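The values are calculated or read from the model by the stated rules, or taken from the named source; none is laboratory data. Keep in mind that this is a model prediction, so the values were computed, not measured. Cβ sites come from the backbone with ideal geometry, for glycine too, and all protein chains shown count toward neighbours. The accessibility values were calculated without ligands, DNA or RNA, using every heavy atom of the protein model including side chains. Shrake-Rupley method; radii C 1.70, N 1.55, O 1.52, S 1.80 Å.
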Amino acid sequence: MNKMTNGPAPSLKTERTTLRRRPNKGVYDRDSIYAILDEAFVCHVGFVQEGQPFVIPTGYGRDGDTLYLHGSSASRMMRALAEEIPICVTVTLVDALVLARSVFNHSVNHRSVVVLGKAALVEGEEKMHGLTVLTNHIVPGRWDDVRPPTDLEMKATSLLKMRIDEASAKIRSGPPADDDEDYALPYWGGIVPVRTVTEPAVDDGRLLAGVELPSYLVDYSRIRPIEG
């Protein structure tokens, strides 16, 4: 999967994606935003249909400056988004609970991304490519290790693509920021690290003789190094 950027603008900052509250936590460069998108694998897609807001979780994958969004052909979200209406895609990674000496200063260390734009229905050869990207985003190497989809399965699956041209990230890291006078109080302060971890893979009990656990599942992990 090609994760190199191909867009001309290194910054994804626009008037709509500029952080108003705590602007110092805003990050707009593609590399930082793409690193967050590449570590997560579930996004939430927000859209409005006939005056009713919806926010739907779904799987996704990234190829360069394109997000591929997965869903059933019969789903409300895929039917609505295929009409190229404005959408908002969000992703959040939680890194720690931040426990301050006051309730007000409690927080969460996190890395989140908001992408604004429109999605378009993917068909033809690109649909197979997008599904490959999405599958390998979740489990690298999986696509070439299983049966490919049939024509009927392809018809039952919808895929949307969205250019990443307008986005922002918000990053909070470090210890709590207590008020100066609160450091004299006899309360514990610090962080509780949070990580997404996986347990060893468990087969379904119906493997053919000689089928072993794929190497890409032996040490499967979503954890990426956190800088800063």
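Comparing L19, L67, L160 in a Gaussian network model of the chain (Cα springs below 10 Å), the most mobile by mean-square fluctuation is L19. Taking 0.36 nm per residue of separation and subtracting the Cα-Cα distance, what length does fully extending A74 through C88 add? Difference between extended and current length: 3.0 nm.
Rolling a 1.4 Å probe across the protein heavy atoms gives the chain an accessible surface of 60 Å² per residue. Model label points for T14 and I223, set 7 angstrom from Cα along the Cα-to-Cβ axis, are 3.7 nm apart. Taking 0.36 nm per residue of separation and subtracting the current Cα-Cα distance, fully stretching the chain between R22 and H106 would add 28.7 nm. Counting only protein heavy atoms and a probe of 1.4 Å, the accessible surface of the stretch 5-117 is 56% carbon and sulfur.
Specify the longest stretch of the chain that does not include any exposed loop site, a site being one of the trypsin sites (Lys or Arg not before Pro) with a non-H, G, I, E, B DSSP assignment and at most 12 other Cβ atoms within 10 Å. Segment 22-194 is the longest.
Size descriptors for the stretch 9-59, from the alpha-carbon set: Rg then Dmax equal 13.8, 36 Å. Both numbers refer to the Cα atoms of the chain; Rg and Dmax are 20.4, 68 Å.
Considering only A40, A177, A209, the mean-square fluctuation computed in a Gaussian network model of the chain, springs between alpha carbons under 10 angstrom, is largest for A209.
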